[in-house]
């Protein structure tokens with residue numbers, strides 16, 4: 001609720017116009033009560049048709065004007081809510097692509113999905129219809145004031161029931177908050193299980209995992225269903241209680257009014273009109289009660305986005321070195337995961353000159369991919385320095401640094417789009433001639449020739465529908481689209497067939513001959529033998545560094 005009001009009053013002109021239009025709407029809303037009172041007291045008593053026609057025409061005009069004002073108010077409300085909702089989605093997406101990769105890795109999949117979905121949740125709830133529903137609540141006072149004018153006892157009856165209904169609606173939100181949090185958590189777990197079963201369909205069948213996954217899914221689904229029932233029951237309780245208060249208010253207004261009518265203090269026309277006024281006063285309160293669960297859901301989404309916004313962003317500033325030669329130096333480099341486990345490596349120091357090659361070897365889990373990500377600036381080391389021509393990586397612009405690197409990750413991932421779009425992300429100005437040369441170098445010619453749409457083939461789900469070898473070739477081609485001074489290849493031969501391995505080794509050899517610095521993370525014996533330096537991460541805690549003896 002506070003977010004909606006903040007959006008409203010952040011644009012003062014819109015706020016004034018909305019409040020003014022709302023006032024006109026509710027003043028026109030008094031016409032129905034006035035019409036009933038006048039018909040019962042004047043037409044029924046005297047029977048003049050001209051009076052009935054005049055009153056009816058006036059009431060119809062009031063309804064038409066009220067309809068027009070409501071349409072105008074909705075358009076004004078769209079101006080207040082639509083743009084902020086759109087901008088919120090843009091800001092969250094910018095935050096996703098700007099937050100440090102290492103911090104995003106630590107978020108569970110369910111939390112990641114919740115972050116992505118939160119702007120849609122907030123936008124759906126912070127809608128123009130909900131904003132005007134909230135604006136209507138204070139104008140209940142207008143109808144109550146008229147009731148006090150007609151008969152103060154009726155005003156006090158309405159005030160008591162309206163206050164009780166408003167408190168029920170307001171206090172009900174916190175009661176839903178914790179339930180919605182648990183329901184969101186279990187729903188994310190159910191979604192994660194369903195998504196994993198969809199992605200790993202072959203694995204599920206090949207290892208007869210259907211029964212195991214079915215039991216887990218059913219257990220989580222039961223838990224999510226229980227929380228859903230509790231949410232719906234609590235929501236229904238709040239709404240039903242508020243509606244019951246509305247019904248009781250009508251009963252007491254009629255009862256008190258009837259007593260006053262019998263005593264001669266008011267007539268039947270005023271009694272019926274007063275009941276209509278009380279119902280009009282209660283209507284926005286009841287509608288606000290229906291918003292309770294939505295507002296609690298919005299609050300939960302905003303808390304999620306608030307927690308996400310506190311994650312540190314990847315730095316954007318820094319220097320851009322001129323005439324970078326490709327000289328790389330590591331000084332006392334170390335890395336350990338935040339949960340306090342033993343370091344993957346520490347006290348790591350080495351120097352790599354332009355044209356030299358380094359192979360980092362080690363068993364799975366010894367830190368090869370972690371070191372590759374550190375060199376790319378995707379993770380921060382626990383301590384130590386990475387020097388580029390003597391300048392600390394912390395001092396250079398990461399966007400510039402990544403344009404200096406041919407980077408082939410171990411598990412290539414691609415964004416939603418065509419092959420051409422993915423290949424040219426780093427260098428949109430790449431010529432068609434150079435692109436075709438890279439395709440040949442990466443060994444993609446036959447694959448693209450056999451594809452119906454060639455370079456316009458769509459990559460979906462990060463390209464996971466393609467074989468690993470093809471994804472590696474695509475990643476190699478993507479890495480080659482820019483001129484570089486250094487190459488970082490993480491397990492480049494994994495999943496490759498013989499032609500693919502030849503394409504990778506040819507590219508690596510060409511880069512070394514052209515004076516590029518080459519760093520390969522691999523346990524392949526052939527790559528290890530041909531390297532100028534070998535770093536063995538199997539040796540703990542300080543990795544073993546060997547330099548190849550060159551024959552004179």
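Data overview
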{"read-out": "Total residues in segment 376-411, condition buried (at least 18 other Cβ atoms within 10 Å of the Cβ), part of a helix (DSSP H, G or I) and within 29 Å of the chain's Cα centre (by Cα)", "value": "1"}
{"read-out": "Test for residue 278: is it crowded, with 18+ Cβ neighbours inside 10 Å and assigned by TED's automatic domain parsing to the domain that holds residue 41", "value": "yes"}
{"read-out": "Residue in segment 425-443 that is farthest from residue 407 (Cα to Cα), counting only those that are over 35 Å from the mean Cα position of the chain (by Cα) and assigned to a loop (DSSP other than H, G, I, E, B)", "value": "431"}
{"read-out": "Options 316, 304; residue that is assigned to a loop (DSSP other than H, G, I, E, B), under 30 Å from residue 121 (Cβ atoms) and touching a residue at least 24 places away in the same chain (Cβ under 8 Å)", "value": "316"}
{"read-out": "From 264, 246, residue being under 30 Å from residue 278 (Cβ atoms) and not in a helix (DSSP H, G or I)", "value": "264"}
{"read-out": "One residue from 108, 152, 138, 119 being surrounded by 14 or more Cβ atoms within 10 Å (Cβ to Cβ) and either in the same structural domain as residue 37 (by TED's automatic domain parsing) or closer than 30 Å to residue 245 by Cα (or both)", "value": "119"}
{"read-out": "From 131, 230, 167, residue being closer than 30 Å to residue 276 by Cβ, modelled with pLDDT of 85 or more and not in a loop (DSSP other than H, G, I, E, B)", "value": "167"}
{"read-out": "Some residue of segment 53-64 being out of contact with any helix residue (DSSP H, G or I) (no Cβ under 6 Å at 6 or more places or on another chain), closer than 30 Å to residue 297 by Cα and part of a helix (DSSP H, G or I)", "value": "no"}
{"read-out": "Residue in segment 74-95 that is free of Cβ contacts under 8 Å to residues at least 60 places away in the same chain, farther than 30 Å from residue 307 by Cβ and touching a helix residue (DSSP H, G or I) at 6+ places or on another chain (Cβ under 7 Å) present", "value": "yes"}
{"read-out": "Filter result for residue 274 (touching a residue at least 60 places away in the same chain (Cβ under 8 Å), within 43 Å of the chain's Cα centre (by Cα) and part of a helix (DSSP H, G or I))", "value": "no"}
{"read-out": "Leading residue by the ranking (surrounded by the fewest Cβ atoms within 10 Å (Cβ to Cβ)) among those in segment 486-503 that are within 19 Å of residue 466 (Cα to Cα) and free of Cβ contacts under 8 Å to residues at least 60 places away in the same chain", "value": "498"}
{"read-out": "Some residue of segment 256-267 being surrounded by 16 or more Cβ atoms within 10 Å (Cβ to Cβ) and closer than 23 Å to residue 110 by Cβ", "value": "no"}
{"read-out": "Residue match in segment 442-463 (condition: in contact with a strand residue (DSSP E or B) (Cβ under 7 Å, 6 or more places away or on another chain) and either buried (at least 20 other Cβ atoms within 10 Å of the Cβ) or closer than 23 Å to residue 526 by Cβ (or both))", "value": "yes"}
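The values are calculated or read from the model by the stated rules, or taken from the named source; none is laboratory data. Only a predicted model underlies this, so the values are computations on that prediction, with no experimental measurement involved. When we count neighbours, we look across all protein chains shown, and the Cβ atoms used for this are built from the backbone with ideal geometry, even at glycine.
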